[in-house]
Amino acid sequence: MKRKIAALLTVLLYSVFFLAGCSKPETKEEDDLIVIGMSQVGAESDWRQADTASMKEVFTEANGYRLLFEDARQEQENQFVAIRRFIQQKVDYIVVMPITEDGWDAVLKEAKDAGIPVIVVDRMVKVKDESLVAAHVGSDFYAEGRKATNWMKEKYANAEQVNIIHIQGTKGSTAQIGRTTALDDAVKANLNWKVIARMDGDFTEAKTYEVMKEYLSNRDSLPKIDVVYCENDNEAYGAIKALEGFGYTCGKDGVSVISFDATYNALVYCQKGKLALTVECNPLLGPLVESVIRTMQSGKTPEKNRYVEETAFCPEDITEELLASRKY
């Protein structure tokens, strides 16, 4: 019996050494990968999904990166947990798409104390110490809003009164703040403009449909609506569905629905005349984020803010060539 046990142990030890000798050792190339810890807002919109795809296409092992990706599911606390996990994992860079602007000082200071640069993407953060953020990459949301309000000013130049329904995005997010401020400033400057209702759509089609439906249902008579100012494409889809359900016409000679992002589906809506205007917000930010990282890798200081170029589209601007070339 003892001999059988001894023989069995010999076989097991031989197997262990054999497998260890045959296993692939960690290569220098793997050691040289730049490790990125990324916290994304979620997947609440077409824009967000395109932004995530852009990041994952850039930050691959083939390009010299290891990406640790966390979906926050639209909960800021999940982002704090993810960032602290990245700090424990000693990543080289932290990339965060913040849900809202406030509340970041403590966790970003922890990252700074650990010597890990933080790059903020899309939305911005408000911090007392600006050195907590190495760089911001994204859009000028106020400028986007101005594109929409300038179009409205031209469209309704001779109108006696312009009735506007405003569907806001996630409260406290940079996109919501910038686009809301642009509309508020334009309403103050145009005395014939009136915001007859303001609702929280949270950047989603489903919530916008529900709040718009509830608003229209709880009235003795349907109001005259000239413009529905939606702070992203998905909100516009929900608004159009609700409006049409109550007999409104969206488009020429009807309600002018405005959206932001200008994703492929929004361009199709615009081509069909359902959207009067869609303002571009480019989600393909992966290459810009990588350029920031490459700048820091070379020992240089990146620009504090990198804004992507964007435009706006009316139905007459939408061609088959444009749709075929759209990557998001």
Next on the checklist: Using DSSP H assignments, which helices in the chain have an axial alpha-carbon span of 20 Å or above and a mean Kyte-Doolittle hydropathy of -1.0 or higher?
Outcome noted: 2-22, 174-189
Next on the checklist: Please list 3J(HN,Hα) in residue order for segment 60-69, calculated via the Karplus relation 6.51 cos²θ - 1.76 cosθ + 1.60 where θ = phi - 60°; whole Hz, with x for glycine and proline.
Outcome noted: 10, 5, 4, 8, x, 10, 10, 9, 9, 9
Next on the checklist: I'd like the distance between the alpha-carbon centres of segment 182-214 and segment 124-149, rounded to an integer number of Å.
Outcome noted: 22 Å
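Can you pick out the pairs among Lys153/Lys194; Lys56/Lys207; Lys241/Lys274; Lys56/Lys327; Lys153/Lys188; Lys155/Lys207 whose Cα atoms lie more than 21 Å from each other?
On the way: Lys153/Lys194 13 Å; Lys56/Lys207 28 Å; Lys241/Lys274 10 Å; Lys56/Lys327 14 Å; Lys153/Lys188 12 Å; Lys155/Lys207 28 Å.
Long pairs (Cα-Cα over 21 Å): Lys56/Lys207; Lys155/Lys207.
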Item to check | Carbon and sulfur %, accessible surface of segment 55-152 computed with the full protein complex present, 1.4 Å | outcome: 46 percent
Item to check | Surface share of carbon and sulfur [accessible, 1.4 angstrom probe, percent] for segment 254-294 | outcome: 51 percent
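Can you give me the accessible area per residue for segment 90-223, using a 1.4 Å probe, in Å²?
45 Å²
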Next on the checklist: List the residues, sorted by chain then number, that are 5 or more residues from Val137 or on another chain and whose placed amide H is less than 5 Å from its amide H.
Outcome noted: Val120, Val121, Asp122, Arg306
Item to check | Estimated [θ] at 222 nm from DSSP helical runs (n ≥ 4, -39500 (n - 2.57)) normalised by residues in the chain, nearest 500 | outcome: -13500 deg cm²/dmol
Checklist outcome for this item: From the Cα centre of segment 256-319 to that of segment 31-89, the distance in Å is 20 Å
Checklist entry - lysines within cross-link reach of Lys128: Cα-Cα under 26 Å, excluding same-chain residues under 8 positions apart? => result Lys90, Lys109, Lys112, Lys171, Lys300, Lys304
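The values are calculated or read from the model by the stated rules, or taken from the named source; none is laboratory data. Treat the numbers as computed from the prediction; the structure is a model and nothing was measured. Surface accessibility is based on the protein's heavy atoms, side chains included, excluding ligands, DNA and RNA. Shrake-Rupley method; radii C 1.70, N 1.55, O 1.52, S 1.80 Å.
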